[in-house]
Amino acid sequence: MMANLERKSFDQPDESRTPEKTKVDVIRLGGTSVARITFQPGWRWDECIKPVAGTDSCEARHVGALISGQLHVVHDDGSEADLGPGEAYVIEPGHNAWVVGDQEAVGLEFESAESYARD
C-alpha cells in the first residue's frame, strides 16, 4: 500500500451493525471513519433505531450523501425534507426519518460513522 493512499472495501468492513431493517458497515481510514448505511423498505428511525439509541428522536448529526432510494426527514421543530439519490446532506440532531417507497435507501455517512446505531 502506498504511504499517501489508503483504501478499503465496504465488502470487508472493519465493523458491521445490524439493528432492525438496518445495516451499518464501517471502514476506518487514516484516522477517519466512513459508514455505508442501508435502510430496508419500511425502515423508520422511531421503530428501528430508537430502541438502540434510547432517545425520543435521533440526536446524531449526519453528514453524508444518499446513493440510492429516498428518505423523508422530519425535525423536532416541524421542518421536513425529502432526500434522493445523489444528494449530499447535513441533518442536525433532533429528527425522525423513514424510507419512502419500496426501494432500500443507501447512504454514505462521515460524521456519525462511529456512533450511529451503536448500542
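Please treat every number below as a calculation from the coordinates, not as lab data. Since the structure is predicted, the reported quantities are computational estimates derived from the model, not experimental observations.
General observations
- In terms of its C-alpha gyration tensor, the stretch 37-119 has a rounded overall shape, because the principal axis ratio a/c (a ≥ b ≥ c, square roots of the eigenvalues) stays below 1.5.
- Only helical runs count toward this figure. For the chain, summing -39,500 (n - 2.57) over DSSP H runs of n ≥ 4 and dividing by all residues gives -1000 deg cm²/dmol at 222 nm.
- Straightening the chain between Val52 and Asn4 buys 13.5 nm, computed as 0.36 nm per residue apart minus the Cα-Cα spacing.
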